[in-house]
Amino acid sequence: AMGMVAAGLTKNFNLIVALPYVWTKASLGTLAGQKGIQDFGVWAKYRAFSKNLGKGKFNVFGEAGFSTPLSDYNFDLLPLSIGAGASTASLRGILNYRLDAGPYLTANWGYTFRGDVELVAARYPNAVFVAGQVVFQRPSVTTRLLHNEIAFSLQRRLLPRGLNMIIVPVRLPHEVWPSNSPE
């Protein structure tokens, strides 16, 4: 759920203010979900250019925004945390072409600067990170990418920083993944 106000202050300038309430829930495993107020955000959007073109209208927008956590939520429990725990500043450009008949095409690009976050490793210097690797009887390219490489990728990032990580095999019940049952 999100409380949001989007106000057109002028014909070309909008102000957007948002305050989301987020909840997460684990479908399996021992981690508990979280709920609470996430990050307050404010964005300004400006239409810099607008022109009738062919059978439609072409617009160019610029957007700048800022967000910051409003509550003391636990961001260490990704993917179940309700936010990243960092303030952000963002810039975005948007190109939009809308046909008079209704269909439209939009392209956008942007940059987000994210502030520093106090990580678990800084608070607990002797922490050992644990990741699960799903064991499949007949692994496919998709299962390898989505389930098996992530743990190794994290391990490759943590070990050079002197942080320990253990990868534990995870066997899922046949009912959870019937098309590619684990060993």
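Nothing in this text is a laboratory measurement; each read-out follows from the coordinates by a stated rule. A quick note: this is a predicted structure, and the numbers were derived from the prediction, not measured. Positions of Cβ are backbone-derived with ideal geometry, glycine not excepted, and every protein chain shown enters the neighbour counts.
Structural remarks
- Per-residue Cβ neighbour rank within 10 angstrom, fewest leading, Trp23, Trp109, Trp43: Trp109, Trp23, Trp43
- Contact order relative to length of the chain, as percent, for alpha carbon pairs under 8 angstrom and 6 or more apart: 13 percent
- Calculated log₁₀ intensity ratio I(q)/I(0) where the Debye formula runs over C-alpha points of the stretch 1-120, q = 0.09, 0.12 Å⁻¹: -0.37, -0.60
- Computed [θ] at 222 nm, helices only, for the chain once each DSSP H run of length n ≥ 4 contributes -39500 (n - 2.57): -2000 deg cm²/dmol
- Lysine pairs within the chain, Cα separation less than 26 Å, 8 or more sequence positions apart or different chains: 7
- Put simply, the amide H of Ala127, placed in the peptide plane, has no neighbours under 5 Å, leaving out anything fewer than 5 places away on its chain.
- Other residues whose C-beta falls under 15 angstrom from the C-beta of Glu63 contribute a net charge of +3, scoring Lys and Arg +1 and Asp and Glu -1.
- Here's how it looks for Gly56: its modeled amide H is under 5 Å from those of Asp100, which are all 5 or more places away or on a different chain.
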